[in-house]
Amino acid sequence: MTETNPMKIAFVYDAVYPYVKGGVEKRVWELALRLTARGHEVHIFGMKYWEGSDHTEREGVHLHGVCDPQHLYVGGRRNISEAIWFSIRLIPHLLREDFDIIDCQQFPYFPCFSVKFVSILKRTPLVFTWIEVWGDYWYEYLGASGLIGKSMEAWITRFKNPTIAISHFTARRLCATYSVKAEAVIPVGIDWAALQSISPAAEQTDVIFTGRLIREKNADLLVKATRILMNTNSEIRVIIVGEGPEHEKIASLIRENRLEAHVELHPFFQQYTDLVAQLKASHVCVLPSVREGFGISALEALACGLPVVTVGHPANAICDLISDKNGFLSSLSADDLAEKIREALIHHGEMREACIAAAAAYDWNRIAKECEDYYRSVIAKIRQPDQRRS
C-alpha cells in the first residue's frame, strides 16, 4: 500500500533491533517496517551497531547510528552513562533532518530531554511512548538514589506532549502515579500470518523462557522450580533463551543443582523464525517477571499455542494477557511456580486453542494502522493553530 500523503517519521531508542533483541527494540522495528510498507519514510535513531556509514538503510528503514554502542547494563542495572552519552550525541543527528513527527520511547529518560529540545527548536510534533511506569519501584531498584530516577520520570510527564502507552496496564499506572492520561494505547503485536506458517523445531522441550537475563525477569526462579519439578518429573527439559547481566549467575545455579542435562541456557536466536520454531516445540512458556510494560514474549508464546505461567505482581503487565483459560499466575515462590508449571504441563493440550485465540487480535498490520492514524491526528492538532494564526 502506498500513501498519497506520506509522513516522514522518526523513532528514537538507543538499542536497535535485531542487533539488540528486546521488546521495545522489536516493537519499534516492526512498526517501522510496516509504516515503510504503507509508503512513509521512517528513520530510527539509536546506537551504531553496524559497520560503515552512520546512516544506513535496512529493508527500506533508515537507521542512524548516533554513537558507538555502549554497554546497556553495568552491574545488572541500566547504564546511566550510556543513556547520557547517547542523549548528547543524539541532538546534532536529529537537527540534520526535518520530520513530520518524532516518536521517542520514554525509557531511558535522558533522550526525552534531547528530543524535546529539538522538537521545540524545529517545531516538530513529538509524542512520547510510555513503556513502563516505575514510580516507587525506583526506591527498590536504587535505594535512596531512586529519588533521582522517580523525579526524572515525573519531570517527563510535565512536558505535556501527546502520550502513547503500550498497554492498558501502563496507561493505568501512568494515570494512577502521575495523573497523566495516555491519549492512545498502541500495543505490541505479532506477525500473525508468519507465526502460523512456521513449523516446530525438531528438538522438543517441556518449558521455555525467553527474554533478557536481568534480575527483574527472575530466570533463576525457573531454575529453582525445575529442581523441585525433578522430584516428580525426572525427564523434564527446560530451555532458557536470552542474554544479559544475570547469565553467569543462572549458569552457576544450573551447575550447582546438577541440572545441565535438564536446563539449557541458550543465547538469543539469530533468526526470529528459529525462536518461533522453538516456542512451537515447547509445551509451556514460563516468564516469572515482576516488571513488564507489556510482555511481547508472552504474546508470542500464546500465539504459538503455549499457556503462559507468570508472576502475579502489580508491576507485571503480562497479567493483563492471562486468564484461567490460557495461563497461570504464580507467587514469587519456587514451590508455587513449580506447582503452576506442573498444572500447565498437564493441561497444555486442552488450553492450546484458547491461547491462540487470546493472541489473534494483536496483528502488527492492524497496530501499524492505529499508529499511523494517531500520528496523523497529532500532526493535525498541532498544525491547526499555526494555520489559524497564518
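Could you tell me the calculated FRET efficiency between LEU332 and GLU59, based on Cβ-Cβ distance and R0 = 45 angstrom, to the nearest 0.05?
0.65
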Build a GNM of the chain with springs between Cα atoms under 10 Å: which of SER330, SER167, SER377 gets the top mean-square fluctuation?
-> SER377
Taking R0 as 22 Å and r as the Cβ-Cβ distance between TYR178 and LEU147, the FRET efficiency 1/(1 + (r/R0)^6), rounded to the nearest 0.05, comes to 0.90
Size of the dipole of the stretch 192-359 about the Cα centre, Lys and Arg at +1 and Asp and Glu at -1 on the beta carbon, nothing else charged, in debye to 20?
-> 100
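Rounded to two decimals, what ratio of Rg to Rh does the chain give with C-alpha atoms and a Kirkwood Rh?
0.97
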Roughly how many Å is it from the Cα centre of the stretch 82-105 to that of the stretch 167-226, as a whole number?
-> 27
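Contour minus end-to-end for GLU260 and ARG366, with contour as 0.36 nm per residue of separation and end-to-end as the Cα-Cα distance?
Answer, rounded to one decimal: 33.9 nm.
Report, in listed order, any pair from LYS26/LYS369; LYS340/LYS369; LYS116/LYS181 with a Cα-Cα distance greater than 28 Å.
Cα-Cα > 28 Å for LYS340/LYS369; rest within.
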Across CYS175, CYS371, CYS104, the residue with the highest GNM fluctuation in the chain (Cα network, 10 Å cutoff) is CYS175
In the structure displayed, which of LYS8/LYS150; LYS8/LYS48; LYS224/LYS325 lie more than 24 Å apart, Cα to Cα?
-> LYS8/LYS150; LYS224/LYS325
Computed, not fitted: 222 nm per-residue ellipticity of the chain from DSSP H runs ≥ 4 (each -39500 (n - 2.57)), nearest 500, equal to -13500 deg cm²/dmol
Descending semi-axes in Å of the stretch 192-359, equivalent ellipsoid built from Cα gyration tensor = 21, 18, 16
Using only the Cα atoms, work out Rg/Rh for the stretch 7-80, with Rh taken as the Kirkwood radius, to two decimals.
-> 0.99
With point charges of +1 on the Cβ of Lys and Arg and -1 on the Cβ of Asp and Glu, referenced to the Cα centre of the chain, which listed residue (GLY189, HIS62, ILE318) lies farthest in the positive direction of the dipole?
-> HIS62
Leading residue at positive end of dipole, the stretch 192-359 (Cβ point charges), from HIS283, ALA201, LEU259 | LEU259
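Using a Förster distance of 51 angstrom, determine the FRET efficiency expected from the C-beta separation of ILE84 and LYS325, and round it to 0.05.
It comes out at approximately 0.65.
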Contour minus Cα-Cα span, ASN233 to SER252, at 0.36 nm per residue, comes to 4.6 nm
Find the relative contact order for the stretch 192-359 and round it to a whole percent, using C-alpha pairs within less than 8 Å whose residues are 6+ positions apart.
-> 25
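Read-outs: derived from the displayed coordinates by stated rules, not from any lab. Given the structure is predicted, the values throughout are model-derived calculations rather than measurements. Don't worry about glycine lacking a Cβ; one is built from the backbone with ideal geometry, like all the others, and counts go over all protein chains shown.
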